[in-house]
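A quick write-up on the structure given underneath.
Bear in mind that the values in this text are calculations on the coordinates, not laboratory data. Note that this is a predicted model, so its numbers are computed, not measured. With ideal geometry, Cβ positions are generated from the backbone for all residues, glycine too; neighbour counts draw on all protein chains shown.
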Amino acid sequence: MDFLSLLLGKRQRAARKITAFEGVPAMGLDALASIAYGPEAALLALASSGAAAAMYARWLIAAVLVLLALLYVTYRQTIGAYPDNGGAYALTRRNLGEPASLLAASALLIDYVLNAAVGISAGVGALISVLPVLHAYTLSLCLAVLVLLTLLNLRGAMFSGRTLALPTYAFVGCFVIIIAFGLYHAVAAGGHPHALVAPHAGIAGAHPANWWLLLRAFAVACTATTGVEAVSNGIGAFRDPVQRYGRRTLTLIVAALALLLAGVGWLLPVYHITAMDQAQPGYRSVLAQLAAAVSGQGVFYFLAMTVLLCVLMLSANTSFVALPRLCRSIAEDGYLPKNFVASGNRFGMLVLATCAAVLLLAFGGITQRLVPLFTIGVLLGFTLSQLSLSLHWRRALRQQGDWSTPAGLRLRLAINAFGALVTAVVIAVALVSQFSEGAWIALVAVPGAMALMMMFRRRAQRG
């Protein structure tokens, strides 16, 4: 056995079909982990508002919950309409044609790469919140975690739903307890509980937030909805009947995410939590500040931060599972090299690791610098999926022949069309407001990826 075979292990076997219990950790890690950087990104965008930033963030998170509910209905409908493959690439290819499918594929590829980079960088942020002495090694730690995660996935390590269940459910349990105790203390103290560990003081002074600042903060807060699409993208991983297990998994993920978002959003102004610059020494994440304020810095605090660290770093596992599968599908259509098919998942994993490493190096492993670009990829996939499903329902209505009868189809069409409009508007706001902060990269990366895929397609057609 040569060194490479020893390092990478044997070729991976086909994955075992999963249930909802395994589906939540296998496909919901990046969604659940997003509470660590979605609310924090909104708070940072509102930092100039001083102490009022947390109150603004509360209402922005409420708006994000409305969007989350809309996305839940959308992807629940997607699973019902396309139980074989409900990913954005497959949907747009069937309903919008080749150019739109390549746009969706490019957005998804960028989204998966950024999910890996953001999950790792946020995990390291949680680590240095507890161990500030490691702050100087932020980038090195990010790259080390990426290498370790890549090797484990290449070797076919058992990152199954069962393996990930313990940290995932422990994470949800710990932060539900923190939220419950925070709410109890807030009610008992008449809305002014005593923080056991004082949070960051924030910027002195206050400037009322204008509508543009609120829209900008809402755009980055929407990264808290990332991962909702993972179930429809990976619907083939479920046991039969896939629709039942897929919808059950989606419901559990969205319910847990909504509960955590609502609880964190409500407690931010109660405990006067503000965001800190991750690039500066002494950084403490928003969740670290909240956990310490509610529970102190005892055994439970370190348990909560440990499971948060695990979940954030393991959230990249969704990308290591989903991106190779997507690349394989695109390659089978002739838009990527056949290496993505012939090598199983390994070639896709190596491409993911390389691109994530480039992003981490370019942005210094700082989550807050990656989020603006992440916003575009997340919302573009949502927009194209909902637009595709809108056309699906419109076609179904035409086949009915009587637009006055199938009220259910008209309602589904209206929901998806409205959802596509909302997410498209948020994309526009994010592009304009965060253009200089990294959003411009999406305007280069997405057309560039589309051009590469068209080039591979033309080469394949020439033989």
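For this structure, a couple of remarks:
- FRET efficiency for Gln280 and Thr251, using Cβ-Cβ distance with R0 set to 25 Å, rounded to 0.05: 0.05
- Extension gain, Val444 to Gln399: 0.36 nm times the residue separation minus the Cα-Cα distance gives 12.2 nm.
- The stretch 216-286 - convex hull of the alpha-carbon atoms, volume per residue in Å³: 126 Å³
- Entry note, the chain: the mean residue ellipticity at 222 nm calculated from DSSP H runs of n ≥ 4, each adding -39500 (n - 2.57), is -24500 deg cm²/dmol after division by the residues and rounding to the nearest 500.
- Debye equation applied to the C-alpha atoms of the stretch 76-133, log10 I(q)/I(0) at 0.13, 0.19, 0.23, 0.24 Å⁻¹: -0.52, -0.73, -0.87, -0.91
- Length added when fully stretched, Val299-Ala63, from 0.36 nm per residue minus Cα-Cα: 81.5 nm
- Kirkwood-Stokes translational diffusion coefficient of the chain, alpha-carbon pairs, 37 °C, 0.692 mPa s, µm²/s: 146 µm²/s
- If you take the Cα centroid of the stretch 223-256 and the Cα centroid of the stretch 296-355, the two points sit 17 Å apart.
- Here the convex hull built on the C-alpha positions of the stretch 116-195 has a volume of 115 cubic angstrom per residue.
- As a length-normalised measure over Cα pairs under 8 Å and 6 or more apart, the relative contact order of the chain settles at 32 percent.
- Stretchable slack from Val73 to Leu452, in nm (0.36 nm times residue separation minus alpha-carbon distance): 133.1 nm
- Computed from point charges on the beta carbon alone (+1 for Lys and Arg, -1 for Asp and Glu), the dipole magnitude for the chain about its Cα centre is near 1420 Debye.
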